[in-house]
Amino acid sequence: MSKEVEEKLRESVSEILEQFAFMFTEDISAEDNLTGEILLGSIFFTGPQSGIIDIAAPESLCREMVGNTLGLDDESCIAIEDCENALKEIVNMVCGKFTEDMYGNEKAIDFSIPSVVRLDSGKWKEKVRWVYIPMEVEGHALCAALEIVS
Amino acid sequence: MGYNILVVDDSPIIRGFMRKTLELTGLEIETIFEAKNGQEGLDQLEKNNVHIVFADINMPVMTGVEMVNEMFLKSLLPKIPVVIISSDRSLERQAQLKEKGVRAYLKKPITPENVKKITCDLLELGEQRKECLNE
């Protein structure tokens, strides 16, 4: 998988988090540092190529994303469903940005309905993807991943 | 005169984000109605005087496209502009939607600037539009 593809995914995640959740990302050279239970958002896309994009993040980061997006000072009132919905929207927007950067915007690309599951970070690390991009988002770990299937 | 705006999206996060974004535009807004699918959107249009609709495409029960089709059959589209907000950025999809009567298309994530410009373009005419954009 080329560095160019990795960079496009990285930029897509950074841009969407900045524009939607007003949060800034930092690249980290270390391996994915997710620990404990995480939320995993996934979406399939079908176009000139088909693939899957994952975004794995701790609930604490998703909670902060919801708070920032909706302008809430008190994050304790944010339900887990809101965290899951926010991650679904983010993975959806990242997919839109990434596929536009990869394939242009002439032809329509079909997206699946994004899904979110809770799993242990150990299980996440067992998944096989072509590209893993660990990032730090204002003190929280996050990992974006991509696999092109055809 | 304040505008009544309808936001149709199955995601409560997006509806909340749209509400916050609309409030940041500085436009004179009377009421923001919300619906979580196309059918609820049509129900809101029947009950309320709505000036502009912002709608997602993929929703359960009734999609944004199906809602636009129903609005066409009810002759609502000439009076109530529909703006689709979507993560899908393809020109092909935008062209398909405009053929069905959608007036404009905004890519997610939206910004107050984009929303304000689209709303002014679709609702304000002549000198009023210039004032709207200069605020």
| query | Going by the conditions given, is B:ILE14 under 13 Å from the mean Cα position of the chain (by Cα), buried (at least 20 other Cβ atoms within 10 Å of the Cβ) and assigned to a loop (DSSP other than H, G, I, E, B)? | reply | no
| query | For segment A:1-57, how many residues are hydroxyl-bearing (Ser, Thr, Tyr), outside any helix (DSSP H, G or I) and open to solvent by less than 60 Å² (accessible area, probe 1.4 Å)? | reply | 4
| task | Residue by residue through segment A:58-102, note down the ones that are more than 9 Å from chain B (Cβ to nearest Cβ) and closer than 19 Å to B:LEU91 by Cβ. | result | A:PHE98, A:ASP101, A:MET102
| Given the residues B:VAL102, B:VAL83, B:VAL68, which is the only one that is more than 14 Å from every other protein chain (Cβ to nearest Cβ) and assigned to a strand (DSSP E or B)? | B:VAL83
| task | Could you please find all residues in segment B:18-62 being surrounded by fewer than 19 Cβ atoms within 10 Å (Cβ to Cβ) and hydroxyl-bearing (Ser, Thr, Tyr)? | result | B:THR31
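Of all residues in segment B:87-119, how many are hydroxyl-bearing (Ser, Thr, Tyr) and open to solvent by 10 Å² or more (accessible area, probe 1.4 Å)? Before the answer, list the steps.
Of the residues in segment B:87-119, the ones hydroxyl-bearing (Ser, Thr, Tyr) are B:87, B:90, B:105, B:111, B:119.
Filter once more, so that each one left must be open to solvent by 10 Å² or more (accessible area, probe 1.4 Å): B:105, B:111.
Within segment B:87-119, residues that are hydroxyl-bearing (Ser, Thr, Tyr) and open to solvent by 10 Å² or more (accessible area, probe 1.4 Å) number 2.
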| query | In segment B:20-39, which residues are at pLDDT 95 or above and outside any strand (DSSP E or B)? | reply | B:LYS36, B:ASN37, B:GLY38, B:GLN39
| note | All conditions in (1) within 14 Å of chain A (Cβ to nearest Cβ); (2) not in a strand (DSSP E or B) are true of B:LEU42 except (1)
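The values are calculated or read from the model by the stated rules, or taken from the named source; none is laboratory data. Quantities reported herein were computed from a predicted structural model and do not represent experimental measurements. Every residue, glycine as well, gets a Cβ built from its backbone with ideal geometry; the counts of neighbours run over all protein chains shown. Ligands, DNA and RNA are stripped out before the accessible areas are found, and what is left, the full protein with its side chains, is counted by its heavy atoms. Shrake-Rupley method; radii C 1.70, N 1.55, O 1.52, S 1.80 Å.
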